[in-house]
1. Restricting the first residue to segment 119-144 and requiring it to be of a type in the set (Val, Ile, Thr), which pairs with a second residue that is outside any helix (DSSP H, G or I) and at pLDDT 95 or above meet a Cβ separation below 9 Å and a spacing of at least six or different chains?
2. For the structure I just gave you, tell me whether Val85 is open to solvent by 30 Å² or more (accessible area, probe 1.4 Å), in a loop (DSSP other than H, G, I, E, B) and among the β-branched types (Val, Ile, Thr).
3. Can you give me the number of residues within segment 101-116 that are open to solvent by less than 70 Å² (accessible area, probe 1.4 Å), under 17 Å from Ile50 (Cα atoms), of a type outside the set (Val, Ile, Thr) and free of Cβ contacts under 8 Å to residues at least 24 places away in the same chain?
4. Somewhere in segment 38-49, is a residue outside any helix (DSSP H, G or I) and closer than 16 Å to Thr93 by Cα?
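The values are calculated or read from the model by the stated rules, or taken from the named source; none is laboratory data. The shown structure was predicted, so the numbers you read here are calculated from the model rather than taken from an experiment. Here the Cβ positions follow ideal geometry from the backbone for every residue, glycine too, while neighbour counts run over all protein chains shown. What goes into the accessible areas is simple: the full protein's heavy atoms, side chains included, and nothing from ligands, DNA or RNA. Shrake-Rupley method; radii C 1.70, N 1.55, O 1.52, S 1.80 Å.
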Amino acid sequence: MKLHSFLNERIADLGVMYFKLHRYHWYVEGPHFYGLHEKYEELYDEATEIFDEFAERLLAIGGAPASTMKEYLALSKISEEGKEVTPEAIFETLIKDYSYMASALKEGIELAEGERDMATADMFVETVSTFEKHLWMFKQSLKG
């Protein structure tokens, strides 16, 4: 797979994640409403920044980022489906999605390094670190 295609798939994944995180933010309810409402907003704001960074990087290296929902849904490996409403179900989905992204980005690091694109590799390394920290927090939230 070429780096341009790889970046486009991750852009699509982040686009789908963004909408899922908004859904969680809008429909959260229960005794942890305030904390979770704020957390989901932080996560979709962060996803927006990463999404934009990846798209701009793709443009900088001569690619053309996907930019429509139709393209995102065709390219993304993350499902938009789901009716998660409980914090536990949402955290389980977040664990699945963030685990997938961290794993994919680790492959992307090797791909970028193989194409001697250290700037993109570094961008992926930073994102993996961020996602793995979130994964730890999501998993801790499901304990007890």
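1. Going by the 9 Å Cβ cut-off, the qualifying pairs are Thr120/Ile61.
2. Yes.
3. 1
4. No.
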